Amino acid sequence: MVVLTNLMAQQTIWRLPEESRVLFATLIVAGAFVLILGLIPVLQTLPPRGRRAIVVTVTFLAGLFFAAEFFLPVDWTAIFPKDDPKRNFLTPAIQPAQNVLQIIGALALGLGTFGLVRLHLRNAVQRRAQWGYSIVLLVSFVVMAAFSILNTLAEKKIVERGPVLERGFAILFDHTLIQLDAAMFSLVAFYIFSAAYRAFRIRSVEASILMFTAMLVMIGVVPLGAQISPALPTIANWVLAQLNAPAQRAIEFGVGIGGLAMAIRLWLSLERGVT
Amino acid sequence: MSYQHAQDNWFSAIIIGFIALAVLMNILRAQLGAQLYIRRIPGLDAIDEAIGRSTELGRPVTMIPGLTSFGVVAVQALTIFKYITKQIARFATPMRLLSGDPTVFAVAQEAIADAYNEAGRPDLYDPDNVRFLSDRQFAFASGVAGLIQRERVAANFMFGEFFAESLIFAETGNMVGAIQIAGTVSFTQVPFFVAACDYTIIGDEFYATSAYLSREPVLLGSLVGQDIAKLLFALTTLGGVIAASIAGTDAPIIKLLGQPGGWEAFWKSVLQGGGQ
Amino acid sequence: MQARTQSVWQRMLSVDRRWLYLILFVNIVIFLLAPLRMPASISPPVQKFYDEIEKLQPGDLVMISSNWSASTLAENQPQLEAVITHLMRKQARFTIISIEAQSRDISYRLAERVTKEKGYQYGEQWAHFGFVPNLVVAIKGMVTDLPNTIKQDVRGTEISKMPALRGVKSLSDYKVVIDVTPSGTVPAWISYSPKNLTILYCPTSVMAAEAYTYLDSGQIKGMITGAKGAQEYEQLLGIKGLGAPFANTISFSHLLIIAFILLGNFAMLMNRLQARREG
Amino acid sequence: MDWLQEFLPFNLNPPSLNLDRLSVWIGVLCTLAIYSLLYRENPIYRFFEHMYIGLAAGYSLGPLGVDILYRYWIEPIWIQGYWAWAFVVPYGMYLYFIFSERYGWISRIVIGTLIGASAGLFFQEFSSRYLPQLNSTLQKPLWVSDANPDMTYGMVINNFLFIIILLSVLTYFTFSYEQRGVVKRVAILGRWFLMIGLGAIFGNTVMARMALMIGRIYYLLNDWLLIRVGGG
């Protein structure tokens, strides 16, 4: 990984020559697809134990890279000139790894969209129940995808921004998606209010502590509280800073230790359900 | 305040090493057959009761890992859902698992299939019962709300990480009279689950539930190791506070216990001949 | 056995929830239109937030992590507008990054509108880095090598060629990061950003209670809590914004909710007493 | 009359469509359609619900496709010539085999990469997020002494309270032994203190939700009905 990052900076074998670069690039990408996807039938021949070994190794190596970068001592003067005392020999490789993980992260998000479209496409084709709504979903998906991609490209001046794109994206984004999202989220206020009346019961000592603190905070932090009496905001701020903070910190310790234990288990693929 | 590398204060590496050792040793013990004790969380009795009630009504049961992105919490939520699926498989109660994350959706399909196999009813498994609605928070919430109302769900289990949309699930379940059990490490939503659900499993209890249910050596060992780590944190707090009261809050020993740069400060003061 | 006539309390408890929705709706409309305006009392976290920005020198670099979608517009928009106004007043340079797809366009269009009013130049004094799905890895990338991690801004210009970011090599060249977010993104900034970077937090109120442990430990240096915090900040800046009408209306919806929580419990209590008397 | 003229999305005398006003009407139509769920689950709601899910999924392709794939993959290879990046997308494509029965396991390789990376990164998070909190707890002396000159009795009381709450809530979250006697009482005390923290979250969360609803009603009043709401 280290060689990759150093050499990439300078003009070397890692960089295609200027002329007919597009042609070479397309060939190499096609080759990469063939090579990597071609690997699958080979991998498919592996017995289940072999498959698990590959997944476990890949998981371990991905974790080892970041763990090592964190735990290895810095200012590794043996390899690096003393220009940056905050680096060890793995640190320069963090940035390219970032690009790789962003791409895979984006493909993972795309997986969700792919799964969604695939589900509704099948609903529509097989005329399953409510398939009419699947058509609505697919149409709005396609229209919005087109406008969104064109808009983002227009921002990068790769595509010319016409009035139709400008107005169309504004209507679809600012006046439809944004409004639907905001409206949907504000529903919760209604649900809280109806739950406050019908579900929030002072059933026990615990529930009454929770409810009393909640009401104190609700009144103390808003302008009305300051109007009623200047003491209210002070008390509310004290409860938040002196009683609430230690409880939150104890919760944080529990979650942090739990997270560390889980991270170790995932890294070493001890978790049966996962890898 | 933040660490870029463990060398900022090697104390961090020592603590991580100690906790890792405590966890891995106990996992090894559990794998070698030692019976590690985990107390039964009251929330589990509530889950069994909810399962019983849903079988009487015969209406579907929903399992919502919510928008939990794939990782630590999602895996354990699926462990709990596998347990529930195995129980309801005996009575062929229909189920829906609704996820808002692509990876969790994919892994859930295998987890639920495994659950039905383990329950000896592979025929009951229908991949369409495990659905991905949307990774948009509120598109997902509306999808779930719509389904709970349309199918008049009997029981609603919500395990995983939740955000603002949690109350829409709980309130909609409340509207159709479903018995609801929630368990989450997202503390911003616990108060609402406490208010609107029949029982709420809070924070670390969530980890203990999946460990207790699965009796997995890995989970049991890990939980025991975590308890040791919590004891370590409690003792460091007590000892440190007393030391701070005696030696002052800017003493080298206090800097050592967790502050970046504390390691050099501590050893420099020790090597320069006995403390400040 | 003929169904017992529902006592007044039982009817109260089983009132249709749609009436409740109407009552809340009407309450908010009334107090949004009511001309009464109550000044806010400045809470310590907001004052600390203000003081941290006041320390900025002209030309200091600030990173704004805007991760809110339209869902939390009412809370995060007043915060972001007030913060950008204050940064422009201090002549600080700022860059925006978002890990939420929708937030990318919302924050970009909002910043364009607010900066145009004050004549703040895109590319000269502020820029938008676009969307990255994985925040943790993005922060680590920016700490080691910002230009190669971000590569180009929203408008496709190379980072290294932008006057706003001349000579910026890493996140350590920034003075402050402001996280305007409805979700748990601040732990990523706390965990991975460089030591000297001051972290300021603009959460929706939901995330505020959890953050008091970070305020206590100094991991975050200030916090604006939701629309109410935005009102306090607008008051400190002496500007007119959406924070004030929202915060005042919140006061009365809180009053309504508290009343209905008490009413609900009272009705349940009376119901139980009545049932016991008859039972 | 001029309010009506400004309110409607179309002009009467020279019959023409006012696109700005029409956009606001579209936004209001969406808002009211979603609010129809409050009355009852209905086809209009379901129509807008599916449109919403479709729009949201469609929109994400813009930032995903351009901000990420173009910036990190297409431009470095085709324009700058760094051909080594070519292998990343096919490798990431393994994820899409998750839908196939036979090749499903192939996706596990990439999922393993993501899990491994997040696990490896957690060590830094554990050090930077939790140890400073542990350390700041230590800086709460329990009595006034010359070692800590600027301590007041008020601060001492607060520190005692802080430590007691912290340790009792921590005790509540321990599971590997049966809680009996004093420990059980401390754990119950811990759960009560936990409720204070949860109450604080509850109060703040209610405030957040109200603000979002108020924001929507402000939009209906101010942008649609053109009733100016005071700036406060």
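Three principal axis extents of the stretch D:127-232 based on alpha-carbon atoms, in descending order, are 63, 43, 29 Å.
I need the shape label for the stretch A:94-200. Rule: rounded when a/c is under 1.5, else prolate if a/b > b/c, else oblate, with a, b, c from the alpha carbon gyration tensor. Rounded shape, in that the Cα axes give a/c under 1.5. Note: the stretch D:99-187, Cα convex hull, 179 Å³ per residue. Across the protein assembly as shown, the fraction of Cα-Cα pairs farther apart than 57 Å, rounded to a whole number, is 9%. Just need log10 I(q)/I(0) for chain B at q = 0.14 Å⁻¹, Debye formula, equal scatterers on the alpha-carbon atoms, no solvent, rounded to two decimals. The Cα Debye sum returns log10 ratios of -0.97. Taking every DSSP bridge with both residues inside the protein assembly as shown, close to 10 percent are antiparallel.
Inter-chain neighbour count for A:223-229: the average number of beta-carbon atoms from partner chains within 10 Å of each residue's beta-carbon is 6. A Förster radius of 41 Å combined with the Cβ-Cβ distance from residue B:48 to residue A:121 puts the calculated FRET efficiency at roughly 0.55. The C-alpha radius of gyration of chain C, expressed as a fraction of 2.2 N^0.38 Å, stands at 1.26. Counting only Cα atoms, the stretch B:40-154 measures 34, 33, 29 Å along its principal axes, largest extent leading. Within the stretch D:163-177, whose backbone N sits under 16 Å from a point 7 Å along Cα→Cβ of residue A:205? So the set is D:165, D:168-169, D:172. Output the pairs from C:140/C:175; C:195/D:140; C:140/C:161; C:116/C:169; B:268/C:195; C:118/C:240 with a Cα-Cα distance over 25 Å in this structure; if there are none, say none. From the list (C:140/C:175; C:195/D:140; C:140/C:161; C:116/C:169; B:268/C:195; C:118/C:240), the Cα-Cα distance tops 25 Å for C:116/C:169. The Rg/Rh ratio for chain D is 1.13, where Rg is the radius of gyration of the alpha carbons and Rh is the Kirkwood radius. Along chain D, counting only trypsin sites (Lys or Arg not before Pro) with a DSSP assignment other than H, G, I, E or B and at most 14 other Cβ atoms inside a 10 Å radius, the longest segment between sites is D:103-179.
Evaluated over the Cα positions of the stretch A:164-229, the convex hull gives a direction-averaged projected area, one quarter of its surface, of 7.1 nm². Note on chain A: Rg/Rh from C-alpha atoms, Kirkwood Rh, equals 1.06.
Shape call for the stretch C:108-205 from the C-alpha gyration tensor, a ≥ b ≥ c root eigenvalues: rounded (a/c under 1.5), prolate (a/b greater than b/c) or oblate? Taking the square roots of the gyration eigenvalues as a ≥ b ≥ c, the stretch C:108-205 is oblate. At each listed q (0.15, 0.18, 0.20 Å⁻¹), what is the log10 of I(q)/I(0) that the Debye formula gives for the stretch B:1-95 modelled as equal alpha-carbon point scatterers? Debye output, listed in q order: -0.86, -1.00, -1.08. Normalised by residue number, the volume inside the convex hull of the Cα atoms of the stretch C:6-161 is 197 Å³ per residue. Counting only trypsin sites (Lys or Arg not before Pro) that DSSP places in a loop and that have at most 14 other Cβ atoms within 10 Å, the longest clean stretch of chain B runs over B:153-214.
Using every pair of separate Cα atoms, the Kirkwood estimate puts the hydrodynamic radius of the stretch B:197-276 at 15.6 angstrom. Label the stretch A:120-275 by shape, choosing from rounded, prolate and oblate, from the square roots a ≥ b ≥ c of the eigenvalues of the Cα gyration tensor; if a/c is under 1.5 it is rounded, and otherwise prolate applies when a/b is larger than b/c, oblate when it is not. The shape class here is prolate.
Bear in mind that the values in this text are calculations on the coordinates, not laboratory data. Worth saying up front: this structure is predicted, and the values here are computed from it rather than measured. Counting neighbours? That spans all protein chains shown, and the Cβs are built from the backbone with ideal geometry, glycine included.
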